[in-house]
Structure formats: structure tokens, C-alpha cells
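Quick note: the coordinates plus some simple rules give every number you see, no bench work behind them. Just so it is clear, the structure is predicted and the values come from calculations on it, not from any experiment. Here the Cβ positions follow ideal geometry from the backbone for every residue, glycine too, while neighbour counts run over all protein chains shown.
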Amino acid sequence: MSERTLVLLKPDAVRRGLIGEITGRIESKADWAVRALELRTLDRSTLEQHYSEHVGKPFYEPLVEFMASGPSVVMVVEGERVIEGVRALAGPTDPIAAPPGSIRGDFGTIVRENLIHASDSAESAERELKIFFPDFS
Ligand code: IDP
């Protein structure tokens, strides 16, 4: 079933020149397509909505600060089982625990600066796409 997900290449990925590498892995998957893509510096209000489930956790403030520290790539990716699929390409949250071959496993070491965000369910995708691409249909 074709579906849509929100993907963010976080400021560490952009600073390190990994936009092409990471986007290429996503684009290479059969029947997936990038439907919208923009380089955007995220403001606090957007990030507060996006990470609302993490408010009050010890990593929340440094996370928001990091995510606002420079441009991210924000994109809509569409395709067969793309929600589950981009999460699998990304790997687990902690890059040291992420297997080689995954994006976080290949390029990351720091839990906060783990390169990529991808919606974790159909409900999250719907909510997050509205935050980042309110006019996209
Ligand atoms: P996910 O991005 O793999 O879905 P979440 O648990 O939703 O992981 O956490 C959101 C983001 O918050 C992570 O991608 C990471 O950047 C950051 N984060 C999560 N847990 C920690 C932590 O324990 N320390 C520092 N940053 C964290």
C-alpha cells in the first residue's frame, strides 16, 4: 500500500555534507519517490509541535536547540510501506546500537545527532506532515 512519511535530515547531516548520500539511499528504493523537499532552518515553535511527546524529558531542550542550530532538509517521501521502510533504513535511535548498513549505523555516534528523523507510524506521519507541509496534498 502506498503511503507518505515525513523525513528530516537533521542539521548534523546537512553540516557534514550527507544530503546526497542519505537522500540517495531513500531514492534508490524501488517505487519510492521524493514528493517535496526543502532546505529549512526549523524554528522553535515548529520543533515544539514536532517533539511534543518529549517535553519534560532531560534530552528535550538540547534536542530542540540542536535541531534549530542550522538548516535541515525536510521532505515528503511516498511509496510502498515507506513509513516502516525509512525507519528500517535509518536504524535505531542510538547510532552505536544501529547496525552497519543503516544510515545511523554508518554515519552516527551521538544519540542526539543521529542524522535523520522519519515518522514512526501512520498516525505520526499524518500529524507531522501537517506541521511541516500544511499546504501539501
Ligand atoms: P527516533 O528519532 O528514533 O524516533 P525518539 O525516541 O522519538 O527517537 O527521539 C527523538 C530524538 O530525540 C532522537 O532521534 C534523538 O535525536 C533524540 N534523543 C532521543 N533519546 C535521546 C537521549 O537519550 N539523549 C539524547 N538525545 C535523545
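Things worth noting here:
- Positive-end residue of LEU63, VAL76, HIS50, charge dipole of the chain with Cβ unit charges: LEU63
- Checking every one of the chymotrypsin sites (Phe, Trp or Tyr not before Pro) in region 20-120 against DSSP loop status and a limit of 14 other Cβ atoms within 10 Å picks out PHE59.
- Each stretch of four or more DSSP H residues adds -39500 (n - 2.57); spread over every residue of the chain, this sum gives -10500 deg cm²/dmol at 222 nm.
- Most mobile listed residue (ILE83, ILE96, ILE22) in the chain, GNM with C-alpha springs under 10 Å: ILE96
- Of LEU129, LEU115, LEU8, the sequence from fewest to most neighbouring Cβ atoms within 10 angstrom is LEU129, LEU8, LEU115.
- Hits among aspartates and glutamates - C-alpha to C-alpha of LYS10 under 18 Å, sequence gap 8 or more where chains match: GLU21, GLU27, GLU38, ASP43, GLU48, GLU61, GLU65, ASP94, ASP106, GLU113, ASP120, GLU128
- In terms of surrounding Cβ atoms within a 10 Å radius of their Cβ, SER72, SER124 rank from fewest to most as SER124, SER72.
- Measuring nothing but alpha carbons in the chain and taking Rh as the Kirkwood radius, the Rg to Rh ratio lands at 0.93.
- Taking VAL111, VAL86 and counting other C-beta atoms within 10 Å, the order from fewest to most: VAL111, VAL86
- Nitroxide proxy distance, nm - points 7 Å out along Cα→Cβ at ARG40 and GLU78: 1.7 nm
- Relative contact order for the chain, counting Cα pairs under 8 Å that sit 6 or more residues apart, in percent: 36 percent
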